[in-house]
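What follows is a single structure, written as structure tokens, with notes after it.
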Amino acid sequence: MSSNDENAQRLDVESPSTDTHESEQEEANKKEEPAKSENNVSEQQPKAETPEGTYIPDEANLEKMILSTGIRVGTPVKTKFMIPFIVRANPEGLYILDISKTLARIDVAAKFIGRASISRVAVTSAREYGKTPVEKFCELTGAIGLFGRFMPGTFTNPSLPNYMEPEIVVVTDPQADQQAVLEATRAGVPVVAIANTDNVTSKIDLVVPANNRGRKALATVYWLLAREVMKKLGTIKSDNEMNKSIDDFETKLVEEAL
């Protein structure tokens, strides 16, 4: 594919604001899953107890919590690359991603990362809302975080002081992190990417379909990925040993931090 063709397909469209993502996700859930909400009232307890006496949320409640973060709410634009992961468009015109495929791809990505040397897994985020999720992911797993503007040559120029040879590169957004994707491709390094409905993924080896613009959505993706990677690495043995919450992974707004 020529660079001109790829640029034409990239569709440089910014998604609606985070608040729009979250409010429309809530509306979509209300319209789509009334029966599930009723079931959750009666089934929100019991929860599965562990031998240590603690418990983890049942699958229905976990799924409800995940959906409430807007993880599957895409943009008003879709590319041919992301069509297989889209289930429908909501009344507001936003494309909705298949949550089952998102969760399945997170598990596949975790297995892939878990087989690598974790200290040679580079995780990038040029998006501000991806900074805290990536930091927490790296803190818990031992991966290397690269934030803000990606320094050209990081993966391709050995003379640079920050040069590195990663085994895997994980990007928060193929568009915002396109320099990292380009250099990883040139260096023959596989790329895992969180991709929204409007992303071009021709250079991506493993797509994790999810909302990569919203604060809560990004926190959720990296929380789920961190939990699964930690299980694959043997850092934790089960879900209930994850001692960080989705809130811990969420980038705080200035007013929230004060």
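The values are calculated or read from the model by the stated rules, or taken from the named source; none is laboratory data. Since the structure is predicted, the reported quantities are computational estimates derived from the model, not experimental observations. Every residue, glycine as well, gets a Cβ built from its backbone with ideal geometry; the counts of neighbours run over all protein chains shown.
Tabulated data for the structure shown
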{"item": "Members of the range 130-164 that are modelled with pLDDT of 95 or more and among the aromatic types (Phe, Trp, Tyr)", "result": "Phe137, Phe150, Phe155, Tyr163"}
{"item": "Close pairs from the range 127-149: first in contact (Cβ under 8 Å) with a residue 24 or more places away in the chain, partner aromatic (Phe, Trp, Tyr) and assigned to a strand (DSSP E or B), Cβ under 6 Å, at least 6 apart", "result": "Lys131/Phe147"}
{"item": "Candidate set: the range 116-126, residues that are touching a residue at least 40 places away in the same chain (Cβ under 8 Å) and surrounded by fewer than 18 Cβ atoms within 10 Å (Cβ to Cβ); chosen: the one nearest to Ala176 (Cα to Cα)", "result": "Arg120"}
{"item": "Selection count, the range 181-201, where residues are at positive phi and aliphatic (A, V, I, L, M)", "result": "0"}
{"item": "Answer residue from the range 89-119, given it is touching a strand residue (DSSP E or B) at 6+ places or on another chain (Cβ under 8 Å) and not in a helix (DSSP H, G or I) and is nearest to Val171 (Cα to Cα) among those", "result": "Ala116"}
{"item": "Unique residue being of a type in the set (Gly, Ala, Ser), surrounded by fewer than 17 Cβ atoms within 10 Å (Cβ to Cβ) and within 19 Å of Ser117 (Cα to Cα) when the list is Gly148, Gly142, Gly153", "result": "Gly142"}
{"item": "Residue satisfying all of: in the range 183-233; in a loop (DSSP other than H, G, I, E, B) and of a type in the set (Val, Ile, Thr); farthest from Ile118 (Cα to Cα) among these", "result": "Thr197"}
{"item": "Checklist (1) crowded, with 24+ Cβ neighbours inside 10 Å; (2) within 24 Å of Leu103 (Cβ to Cβ); (3) in contact (Cβ under 8 Å) with a residue 24 or more places away in the chain applied to Ala193, failing item", "result": "(3)"}
{"item": "Filter result (surrounded by fewer than 19 Cβ atoms within 10 Å (Cβ to Cβ) and either part of a loop (DSSP other than H, G, I, E, B) or charged (D, E, K, R) (or both)) within the range 243-255", "result": "Asn243, Lys244, Ser245, Asp247, Asp248, Lys252, Leu253, Glu255"}
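For (1) in contact with a helix residue (DSSP H, G or I) (Cβ under 8 Å, 6 or more places away or on another chain); (2) surrounded by fewer than 16 Cβ atoms within 10 Å (Cβ to Cβ); (3) free of Cβ contacts under 8 Å to residues at least 60 places away in the same chain, each residue gets a yes or a no:
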| site | (1), (2), (3) |
| --- | --- |
| Val170 | yes, no, no |
| Leu182 | no, no, yes |
| Leu225 | yes, no, no |
| Ile236 | yes, no, yes |
